[in-house]
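Visitor: The structure under discussion is supplied below as structure tokens; questions concerning it will follow.
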Amino acid sequence: MIPDYQKIMLPLLELAGDEKVHKFREAIDKLGDEFDLNEEERNKLLPSGNDEIFANRVGWAKTYLKKAGLLEYPKRGYFKITERGLKVLEQNPEKIDNEFLQQYTEFEQFRQRSSPSKSTEDESEEFDFESYTPEEILEIGHEALTKNLADELLEKVKDYSPGFFEELVVDLLVEMGYGGSIKDAGKAIGKKGDEGIDGVIKEDRLGLDIIYIQAKKWENTIHRPQIQKFAGALQGKNAKKGIFITTSNFSKGAKEYAQKLNSKIVLINGDMLTKLMIKHSVGVSVDSTYEVKKIDLDYFYEE
């Protein structure tokens, strides 16, 4: 299990206790060994995919120790223990965490500048900010907002007619790069009653291959017979590719059947549908944008 950044503080300070200058990247590897992390845990990324979770937490443990005056940075990418840090180790503390570091004025000032405000009137009071790094708090907040948006989006889609759903499918597939244009795709999709096929769409703008579509605005679970019917329709068209999109879900039997087919049938349930709509900005718009900036090291380069 990946430790939170506060659990990393004492081991990191102890690592620096030899008074040598340590390279940050090497410290991550050594601490990974100390916490007995496997390769999956060491390489696990934040949801954004921009950073490794463990490395991010080691980085913030290092930052907080520096803000408290227990570590210093002699040069870029390296750290070293300070006299104050050595005195802390002489005390043989059981742990070092934010509460421990609050005894240092510099750290308390830093925390007052950077801590998120907490309101007793909302759920933020219940959220354990102390267990997460600032990046993780942003990621968790974004993930929660996205999940809530997906739930609301699916309910909104279900409120509208099957015809509207078919138009939505057109818009989504075009935004994903299929069909060439709304005009071309619109001619292909939404034609009823063709042996279980709702329409066809070009796989690419040149129309080198055709994908057959089944779009079902359903509440009930899609079972194997519906997939068999669609697969039979594909076979009748001598087609190799199909997409079955629904606002509901697929049973285990339906998924297993689709996986065994010679024809490639992609199953898109309500959950995946809303994720794709959000990713490709179909039915949603940007409400707020927050930029996270970092030091531009190229700017501070000097010959």
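Visitor: Just checking, how many residues over the range 35-56 are exposed (fewer than 12 other Cβ atoms within 10 Å of the Cβ) and among the polar types (S, T, N, Q)?
Guide: Selection size over the range 35-56: 2.
Visitor: Of everything in the range 255-291 that's over 25 Å from K156 (Cβ atoms) and among the aliphatic types (A, V, I, L, M), which residue is modelled with the lowest pLDDT?
Guide: Only one residue tops the list, namely L261.
Visitor: Still on this model: Quick test for you: out of L45, L12, L31, pick the one residue that is within 17 Å of F100 (Cβ to Cβ) and in contact with a helix residue (DSSP H, G or I) (Cβ under 8 Å, 6 or more places away or on another chain). Steps first, answer last, please.
Guide: Details: L45 fails: within 17 Å of F100 (Cβ to Cβ); L31 fails: within 17 Å of F100 (Cβ to Cβ).
Every option except L12 fails the conditions.
Visitor: Just a yes or no: is a residue in the range 63-75 of a type in the set (G, A, S), crowded, with 16+ Cβ neighbours inside 10 Å and part of a loop (DSSP other than H, G, I, E, B)?
Guide: Applying the first criterion (of a type in the set (G, A, S)) to the range 63-75 yields 68-69.
From the residues that got through so far, the ones that are crowded, with 16+ Cβ neighbours inside 10 Å too are 68-69.
Pick out the ones that are also part of a loop (DSSP other than H, G, I, E, B) and you get 68-69.
Checked against the condition, which is being of a type in the set (G, A, S), crowded, with 16+ Cβ neighbours inside 10 Å and part of a loop (DSSP other than H, G, I, E, B), the range 63-75 yields at least one hit.
Visitor: Further question: Can you tell me which of (1) out of contact with any Ser or Thr (no Cβ under 6 Å at 6 or more places or on another chain); (2) more than 20 Å from L276 (Cβ to Cβ); (3) not in a loop (DSSP other than H, G, I, E, B) is the one L234 doesn't meet?
Guide: Of (1) out of contact with any Ser or Thr (no Cβ under 6 Å at 6 or more places or on another chain); (2) more than 20 Å from L276 (Cβ to Cβ); (3) not in a loop (DSSP other than H, G, I, E, B), only one is false for L234: (1).
Visitor: OK, next. Can you pull out every residue in the range 33-62 that is in a helix (DSSP H, G or I) and of a type in the set (A, V, I, L, M)?
Guide: Selection gives I53, A55, V58, A61.
Visitor: Now a separate question. Just checking, which of T274, T289 is assigned to a helix (DSSP H, G or I), of a type in the set (S, T, Y) and under 26 Å from the mean Cα position of the chain (by Cα)?
Guide: T274
Visitor: Moving on to the next point. Please name all residue pairs, on different chains or six or more residues apart, with Cβ atoms under 7 Å, provided the first residue is in the range 44-70 and is more than 14 Å from F24 (Cβ to Cβ) and the second residue is surrounded by fewer than 18 Cβ atoms within 10 Å (Cβ to Cβ) and basic (K, R).
Guide: I53/K44; G69/R84; L70/R84
Visitor: How many residues, within the range 16-29, are part of a helix (DSSP H, G or I) and surrounded by fewer than 19 Cβ atoms within 10 Å (Cβ to Cβ)?
Guide: 6
Visitor: Please give the helices (runs of 4 or more DSSP H) falling wholly within the range 77-147 in which 2 or more residues are modelled with pLDDT of 85 or more and loosely packed, with under 14 Cβ neighbours inside 10 Å.
Guide: Hits in the range 77-147: 83-90, 105-114.
Visitor: If you don't mind, there's one more thing I want to ask. Please verify whether P93 is of a type outside the set (S, T, Y) and more than 30 Å from D298 (Cβ to Cβ), treating the condition exactly as stated.
Guide: The answer is yes for P93.
Visitor: Moving on to the next point. Filtering the range 170-187 down to residues that are surrounded by 14 or more Cβ atoms within 10 Å (Cβ to Cβ) and outside any helix (DSSP H, G or I), which residue is modelled with the lowest pLDDT?
Guide: Within the range 170-187, the match that is modelled with the lowest pLDDT is G180.
Visitor: Need the failing condition index for I227 against (1) under 29 Å from the mean Cα position of the chain (by Cα); (2) among the β-branched types (V, I, T); (3) buried (at least 18 other Cβ atoms within 10 Å of the Cβ), just the number.
Guide: Among (1) under 29 Å from the mean Cα position of the chain (by Cα); (2) among the β-branched types (V, I, T); (3) buried (at least 18 other Cβ atoms within 10 Å of the Cβ), I227 violates only (1).
Visitor: Among the residues that make up the range 292-302, is at least one of them within 29 Å of D159 (Cβ to Cβ) and in contact (Cβ under 8 Å) with a residue 24 or more places away in the chain?
Guide: From the range 292-302, those within 29 Å of D159 (Cβ to Cβ) are none; that's our starting set.
For the range 292-302, residues within 29 Å of D159 (Cβ to Cβ) and in contact (Cβ under 8 Å) with a residue 24 or more places away in the chain: absent.
Visitor: Looking at the range 233-247, which of the residues that are β-branched (V, I, T) and touching a strand residue (DSSP E or B) at 6+ places or on another chain (Cβ under 6 Å) is surrounded by the fewest Cβ atoms within 10 Å (Cβ to Cβ)?
Guide: Looking at residues that are β-branched (V, I, T) and touching a strand residue (DSSP E or B) at 6+ places or on another chain (Cβ under 6 Å), I get I243.
The values are calculated or read from the model by the stated rules, or taken from the named source; none is laboratory data. Bear in mind the structure is a predicted one, so any value in this text is a computation, not a measurement. Cβ atoms come from the backbone with ideal geometry, glycine included; neighbour counts cover every protein chain shown.
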